[in-house]
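These notes concern the structure reproduced below.
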Amino acid sequence: MIRTAICEDEAETRAYLAALIARQPFPCEIVEYASASGCLADSQGIDLLFLDIELDPSGGRPDGMALARQIRGRAAGTQPVLIFVTGYDRYVFDAFDVGAFQYLLKPVEEEKFARVFAQAVRQVYALRETQPKARVLTVRQGAVSRTVPLDSLYYMESSNHQVVLHTAEGEFACYARIRDLELELQDRFFRIHKGYLANLSHVRGYSKTEVLLANGEMLPLSKYKYQGFVKAYLRFLKGGMADG
């Protein structure tokens, strides 16, 4: 699924572009924005962005070019393939200064749109191939398997012969042994207490008796685990800095 966004303040043009996208032979989710601020507020990630250069900048809102610069200031993994749509060709060099993939002049011709869209989709797929794959944990929940991205997992808690996973989307229990999970995830998680396995990437602070996580929860830290936890956490931080 390619998440495709249209940022255009003219409703008629938005509708026309959305119709063109819907005709293309690729699975797409289409989202529309009438302003730069609406597009910037989207936290779900955009694969392909059709952007009007001359968005209405009234009220102190950024125009299309300013929006493009803000997007290009984000982390590399959140960069969309950018196609400018405008009624004027005088912006062509500015467009490529911000890494625009293509530049479409209004009124947009359907045949040219189809060619450019197919090229952009290939670029989206190519970018996905270069990005590191997110690590996941697969666990049994009832009769089915469930996959959880490690980035969304704050900690795991042993409870009544099951393990409760506390994630950004909520919590759920699975059939597993916390000892087995500790061994599987020891490069990223640490057993801070008999019943708690914490994600080191979500640790935001600690004392001799507690660990503070990014979701605001405080977990107990065993005095027998304290020194090992500190060493593991510092080693994890050092490894992250080396990777960066």
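The values are calculated or read from the model by the stated rules, or taken from the named source; none is laboratory data. A quick note: this is a predicted structure, and the numbers were derived from the prediction, not measured. Positions of Cβ are generated from backbone atoms using ideal geometry, with glycine treated the same way; all protein chains shown enter the neighbour counts.
Only one of the listed residues (ARG188, ARG122, ARG146, ARG177) is touching a residue at least 40 places away in the same chain (Cβ under 8 Å) and either out of contact with any Lys or Arg (no Cβ under 7 Å at 6 or more places or on another chain) or surrounded by 11 or more Cβ atoms within 10 Å (Cβ to Cβ) (or both). That residue is ARG188.
The set of residues in region 163-182 that are in a strand (DSSP E or B) and within 12 Å of TYR196 (Cα to Cα) comprises VAL163, VAL164, LEU165, HIS166. With respect to the conditions (1) outside any loop (DSSP other than H, G, I, E, B); (2) more than 15 Å from LEU137 (Cα to Cα); (3) at pLDDT below 95, LEU219 lacks only one, and its number is (3).
Residue-by-condition table, conditions (1) out of contact with any helix residue (DSSP H, G or I) (no Cβ under 6 Å at 6 or more places or on another chain); (2) crowded, with 19+ Cβ neighbours inside 10 Å:
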residue	(1), (2)
ARG3	yes, no
LEU20	no, no
PRO25	yes, no
ILE30	no, no
PHE50	no, yes
ILE53	no, yes
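If the condition is being within 14 Å of TYR155 (Cα to Cα) and among the β-branched types (Val, Ile, Thr), then region 198-241 contributes VAL203, VAL211. Does region 139-159 include one or more residues that are part of a loop (DSSP other than H, G, I, E, B), touching a Leu at 6+ places or on another chain (Cβ under 7 Å) and within 28 Å of LEU234 (Cβ to Cβ)? No, because not a single residue in region 139-159 is part of a loop (DSSP other than H, G, I, E, B), touching a Leu at 6+ places or on another chain (Cβ under 7 Å) and within 28 Å of LEU234 (Cβ to Cβ). The number of residues in region 1-51 being at positive phi and part of a helix (DSSP H, G or I) comes to 0.
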